[in-house]
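Okay, so here's the structure we're looking at.
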Amino acid sequence: MNAHPDGGRSGNALGAGDIPQMNWDQTGPEMKMVRDALFRHVGKPVRRKEDHRLLTGKGRFTDDFLLEGQTYAAIVRSEHPHARIISISADAALAAPGVLEVLTGADMVQDGIGPLAHNPLPSTKFDMKLCAPGGGIPFVGEHHALAIDKVRHVGEAVAVVVAETPGQAADAAELVEVEYEALPHVVDSAQAAAQGAPVIWDEVPGNVFVESSFGDWDATERAFATAAHTVEADFHVSRVTAVTIEPRAAVAQYDPETGRYELFAGSGGAVKHKGELARCFGIDANRIRVHSYDVGGNFGARNRVYPEFALVMWAARRTGRPVKFTATRSEAFLTDYQGRDLRTKVALALDADGKFLAMRADNLSNVGAFCVSLSPLSKGAGLITGSYDIPVAALRARAVFTNTMCTQAYRSSGRPEVTYAIERLVELAARKLGVDPLELRRKNLVHPEQMPYRNAVGQYYDSGEYEQNMDRALELFDWDGFAARKDEASQRGKLLGRGFANYVESSIGSPKERAEIEVFDDGRIEVVIGTQPSGQGHETSFAQVVADMLQVPVERVFIIIGDTDVVSVGGGSHSGRSMRHAGTVMAMASAELLALARGHAAEMLETAADELAYADGVFHQRGTNRSVSLQDLAARLADPLRVVTDNEMHTPVFPNGAAICEVEIDPNTFHVAITRYVSVDDVGRCINPMIVHGQTHGGIAQGVGQAMWELCAIDHDSGQPIAGSFMDYGMPRTDNMPFFISEIAEVISPTNPLGVKAGGEGGTTPALATVTLAVLDALAGMGVEDIAMPLTPQAVWQAVQDAANTQAKK
Amino acid sequence: MYQTTYHKGQSLDQVRKLHAELPEPSYISGGFTLIPAMKNRLAAPENLIDLRALPELRGITRDGDRLRIGAASCHAEVAGSPEVAQSIPALALLADSIGDMQVRHMGTIGGSVANNDPAADYPAAVLALGATIITDQREIAAHDFFTGMYATDLAEGEIILRIDFPVPRSAGYAKLRNPASKYAIAASFVARGSDGSVRVAVTGAGEDGVFRWFDAEQALADRFETASVEALQPDPGMMLSDLHGSAEYRAALVKVMTARAVDAQGSVDIC
């Protein structure tokens, strides 16, 4: 029952040219179903089906799996940011109590285990394509699970010790003697890209391994040359880490009889991990079974394979015993894949009336020691012009190696970075022109009648009502009441500031998804899907979609995820793709299932298929009282009542919105308190508003966290990370967050049957800009014009001091 | 964490005997500093001897012009004690501002004072109030007790039994919390004794840990008002500098926090 709808279905056509198909075929059976659906469940705040399990301790997180005879791995990690490995002596560790095995990079090479197969280049049809300087495929560095000849960041795995208990493994790991020859290091992207920087990979003498240009450079130069006004700025969007509640973990066993590995490792997508690990081990993918069930936070950090996943699999084979690794919080801070770290130099040209004429951007992404993902650079590249109609733009996008932990697509990959840049730039322009920043924004917004809108670097925004988002956000925020609030705060000796940002982001993601739907004789309907929730409530929102399509109660629909022996195909959860891709393929599968069931029902009732009406899970023969339900069919059929449907869908969607932050600053301590936060988010069709609001709230906290407190601080001289615990890495908490006012705008996307865009990350995308602009607004009277994140009391104090010193010099 | 053996102490004699006889012993109270250090493999006592159940370390009593707080009192007990609230309200509110609810129900005043973390709250109160630290061997005046960052006058194996606070005429505490750790970036405890003397103790800011700010004491003894502090300039040269605050910023905060503590007599000002 495989359906490959590539032929003819416009929504997933893979034709020539770069213009995405905007209109999903309106005549398909799933569209009819969507149109006919009464939406009894979709659009309703259905309580989360997964919460009872999670709240009563019945979640299945990785560390919950105890395999018989399980042993424990501890990792020996590099203390150096950059060093050659001279020798490794494992003798003392091997002699320690309980130790079964000590493995090094040399052993790994001997056993034929290759590098992790990250596949960092975004390669779906509408991704911005990145190339090496001068063209060609970029050299991305081989990321081996254990360092072979040299270490390139603090925390890089050098050896793995396997012992009977976690304590024995940790004790023995300290006995592994590694002799290093320290090499000069560089941790800052600008310094790494400069002449004469230490070389991290011999293959890339200048460390810059990606350099691509986009847009129309000549036209941009011409526009800048003749523009009435230009503004430019340099920004660094700081590096943060995901801080998932559940630290990463993995446990593996190996069956020598079948030659199969079994890995339990929570992630963003078990199917993808299975494929990548098979490449790493050089074996057929069916020799690996990956389980990923409940995941205690992902935010992108867990979408990629970690070295320890390969290490526990390999060590399980070597020792003949299951091997478990669970990261400590310190290991998580040191070696979870990190996020952001983009330097961007941007410029805007305007005419005398404030109409945007052209934009220039020069983006430099710090990927760390190995290139795990270029998604942040690519995603951001496509959205440099933000929500604004800027006729021409020119962008240089570069990526550079440094002696730091690798970065990866993190919560709204690449979009908060460029939103921060354009929104701050617009604000600078408004100040330079002496106009109201909101009016300047309105004048230049992309309007609904321009949709689908091709931006200056070639991305097609599918739909959206940007100015309406803006109006609604201003109203919810009580923008006009700000002056009175500012006066009131000032009477209390506090400085009030507000920061506004529009945003548009893209949701692209892995194009393929499969749904399997089966009806059982007890009425249960199982849906097997290859996305991977980590708190997004897929078990509820996906069930809502299938329940509406099949007209059955949501309680009867169960979503099955996470075991690659059951889930054969799936793109995982990233880039806000899950609801859109899963929703589409589930709608298609539902249509197919009903077509199949109708045939069987007609046979059973001895009538023609078109004589049957379908409602509430039951086929009725028109004009009779004869009927048969899906459940009856499942019970009476010899074969399972089951469909497997594949879909490939490339057209991206562009969620969008507006957000506003208000802050209150104590001018004596320079402590910043967030007092008001409004977010209006066009997520396309919203399946479950309660879940979307919750995701938005989390997204806002994550963006505000970066703006206010979070920083993977690193000492440039020593190359050592210096924010390795919650003592130094500040987090958003209940006591430093306001109550959010969030509103969902539903502008249905024409690109997929359900009209879904994406939710959640819209909370994060504008937050770096709104918070920073609010703080700058509050400090405007003190002459502060720029401030780098995070906006800690120290940073605010310093900015005020610097402004005072600058003014004193004048 | 390295292998360790936990011993629940029952009496003073028993724990002293254990401490004398066992290899690599360490007393433990709430464990809020020691356990994280052990988990990070920075400390490796082979034997942990828990002091919290010792009767000699328990209890909070008012005795004339003295408030006696047993060393094993957890922060929540101090925060919730009517004796503390009536005698030195700022001390109860200070205890209520430490860490979070979990910390306040495990961490103890004796442990905090013995550890002398440079950003801990209690050392400022103990020093400013001119308290006396009563150990199993002697009595130590607060002024002699704190000898530098993480350093005290306690001898190896010496146990704090209780801390006796003279009840002041008034006291106040002001703190700016580190947004990450919630420890003080800078905090000041200002106490006026019954004899009219003023003591100002600052925590979180000094490079040698808690310290008395004598200039402020003198100025406030002359005139007990915030303006007396605002005319002063704390020396950045003696301040801590780290990711969360430069020495210059901390020096500025010391003044702000001290002025706020003057304003907050009988209470606290925490942000």
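The values are calculated or read from the model by the stated rules, or taken from the named source; none is laboratory data. Everything numeric in this text was worked out from a predicted model, so none of it was measured. No Cβ is skipped: glycine too gets one built from the backbone with ideal geometry, and neighbour counts run over all protein chains shown.
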**Prompt:** Pick from A:Glu174, A:Glu211, A:Glu203, A:Glu221: which is at pLDDT 95 or above, closer than 30 Å to A:Thr62 by Cβ and of a type in the set (Asp, Glu)?
**Reply:** A:Glu174
**Fill in**
Within the stretch A:395-422, restricting to residues that are in a loop (DSSP other than H, G, I, E, B) and under 12 Å from the mean Cα position of the chain (by Cα), the one that is surrounded by the fewest Cβ atoms within 10 Å (Cβ to Cβ) is A:Arg411
**Asked** Does B:Ser87 satisfy the criteria of being within 30 Å of B:Gly193 (Cβ to Cβ) and within 14 Å of chain A (Cβ to nearest Cβ)?
**Response** no
**Prompt:** Looking at A:Gly28, is it over 22 Å from A:Val554 (Cβ atoms), at pLDDT 85 or above and either of a type in the set (A, V, I, L, M) or exposed (fewer than 14 other Cβ atoms within 10 Å of the Cβ) (or both)?
**Reply:** no
**Prompt:** Out of the stretch B:30-57, which residues are under 21 Å from the mean Cα position of the chain (by Cα), within 26 Å of A:Ala327 (Cα to Cα) and more than 14 Å from chain A (Cβ to nearest Cβ)?
**Reply:** B:Gly30, B:Gly31, B:Leu34
**Prompt:** Somewhere in the stretch B:172-182, is a residue over 30 Å from A:Gly705 (Cβ atoms), away from chain A (no Cβ under 14 Å) and either buried (at least 21 other Cβ atoms within 10 Å of the Cβ) or not polar (S, T, N, Q) (or both)?
**Reply:** yes
**Message:** Checking the conditions here, which among A:Ala192, A:Ala159 is more than 14 Å from chain B (Cβ to nearest Cβ), surrounded by 23 or more Cβ atoms within 10 Å (Cβ to Cβ), out of contact with any Cys (no Cβ under 7 Å at 6 or more places or on another chain) and in a strand (DSSP E or B)?
**Reply:** A:Ala159
**Prompt:** Do any residues in the stretch A:51-77 that are more than 15 Å from A:Val290 (Cα to Cα) have Cβ atoms under 7 Å from those of residues that are surrounded by fewer than 18 Cβ atoms within 10 Å (Cβ to Cβ) and of a type in the set (D, E, K, R), where the two are at least six apart or on different chains, and which pairs are they?
**Reply:** A:Gly59/A:Arg53; A:Thr71/A:Glu164
**Message:** Looking only at the stretch A:42-70, filter to residues that are in contact with a strand residue (DSSP E or B) (Cβ under 9 Å, 6 or more places away or on another chain) and over 18 Å from A:Ile245 (Cβ atoms); which one of those is modelled with the lowest pLDDT?
**Reply:** A:Lys49
**Message:** Looking at (1) under 25 Å from the mean Cα position of the chain (by Cα); (2) surrounded by 24 or more Cβ atoms within 10 Å (Cβ to Cβ), which one does A:Asp294 not meet, given that it meets all the others?
**Reply:** (2)
**Message:** Can you tell me how many residues within the stretch A:169-189 are part of a helix (DSSP H, G or I) and either of a type in the set (D, E, K, R) or within 14 Å of chain B (Cβ to nearest Cβ) (or both)?
**Reply:** 5
**Item:** Members of the stretch A:338-363 found to be assigned to a strand (DSSP E or B), farther than 17 Å from A:Val237 by Cα and of a type in the set (Lys, Arg), listed by number
**Value:** A:Arg360
**Message:** Take the conditions modelled with pLDDT of 95 or more and either touching a Lys or Arg at 6+ places or on another chain (Cβ under 7 Å) or part of a loop (DSSP other than H, G, I, E, B) (or both) and apply them to B:Ala79. Does it pass?
**Reply:** yes
**Request:** Determine if the stretch A:124-137 includes at least one residue that is under 30 Å from A:Arg317 (Cα atoms) and in contact with a helix residue (DSSP H, G or I) (Cβ under 8 Å, 6 or more places away or on another chain).
**Result:** no
**Asked** Which condition does B:Tyr27 not pass, out of (1) within 14 Å of chain A (Cβ to nearest Cβ); (2) crowded, with 17+ Cβ neighbours inside 10 Å; (3) not acidic (Asp, Glu), if it passes all the others?
**Response** (1)
**Message:** Condition check: in the same structural domain as A:Asn656 (by TED's automatic domain parsing), surrounded by fewer than 19 Cβ atoms within 10 Å (Cβ to Cβ), in contact (Cβ under 8 Å) with a residue 60 or more places away in the chain and in a helix (DSSP H, G or I). Does A:Arg472 satisfy that?
**Reply:** yes
**Request:** Tell me, yes or no, whether the stretch B:188-203 has at least one residue that is within 14 Å of chain A (Cβ to nearest Cβ), crowded, with 21+ Cβ neighbours inside 10 Å and either of a type in the set (A, V, I, L, M) or on the phi < 0 side of the Ramachandran plot (or both).
**Result:** yes
**Asked** Do any strands (runs of 3 or more DSSP E) lying entirely in the stretch B:157-271 carry at least 3 residues that are among the β-branched types (Val, Ile, Thr), and which ones are they?
**Response** B:198-203
**Request:** Could you tell me whether A:Asp341 is within 22 Å of A:Leu103 (Cα to Cα) and modelled with pLDDT of 95 or more?
**Result:** no
**Item:** Candidates B:Ala261, B:Ala216, B:Ala227, filtered to the one that is in contact with a helix residue (DSSP H, G or I) (Cβ under 9 Å, 6 or more places away or on another chain), within 14 Å of chain A (Cβ to nearest Cβ), farther than 24 Å from A:Met727 by Cα and not hydroxyl-bearing (Ser, Thr, Tyr)
**Value:** B:Ala261
**Request:** Could you please let me know if A:Lys49 is over 25 Å from A:Arg329 (Cβ atoms) and under 31 Å from the mean Cα position of the chain (by Cα)?
**Result:** yes
**Fill in**
Quick count over the stretch B:204-213, residues being away from chain A (no Cβ under 14 Å) and farther than 15 Å from B:His143 by Cα, is 2
**Request:** Give the residue, chosen from A:Arg340, A:Arg329, that is within 14 Å of chain B (Cβ to nearest Cβ) and of a type outside the set (Gly, Ala, Ser).
**Result:** A:Arg329
**Prompt:** Looking only at strands (runs of 3 or more DSSP E) that fall completely inside the stretch A:656-768, which ones have 1 or more residues that are within 14 Å of chain B (Cβ to nearest Cβ) and buried (at least 21 other Cβ atoms within 10 Å of the Cβ)?
**Reply:** A:656-665, A:672-682
**In the stretch A:769-788, the residues that are in a loop (DSSP other than H, G, I, E, B) and either buried (at least 18 other Cβ atoms within 10 Å of the Cβ) or not assigned by TED's automatic domain parsing to the domain that holds A:Ala673 (or both)** = A:Leu779, A:Val784, A:Ile787
**Message:** Can you tell me which of (1) surrounded by fewer than 16 Cβ atoms within 10 Å (Cβ to Cβ); (2) more than 30 Å from A:Gly572 (Cα to Cα) is the one A:Asp639 doesn't meet?
**Reply:** (2)
**Message:** Restricting to the stretch A:263-288, name every residue that is crowded, with 21+ Cβ neighbours inside 10 Å and not in a helix (DSSP H, G or I).
**Reply:** A:Leu263, A:Phe264, A:Ala265, A:Gly266, A:Ser267, A:Gly268, A:Gly269, A:Ile288
**Asked** Residues A:Leu130, A:Leu121: which one is closer than 25 Å to A:Ile283 by Cα and either part of a loop (DSSP other than H, G, I, E, B) or not small (Gly, Ala, Ser) (or both)?
**Response** A:Leu121
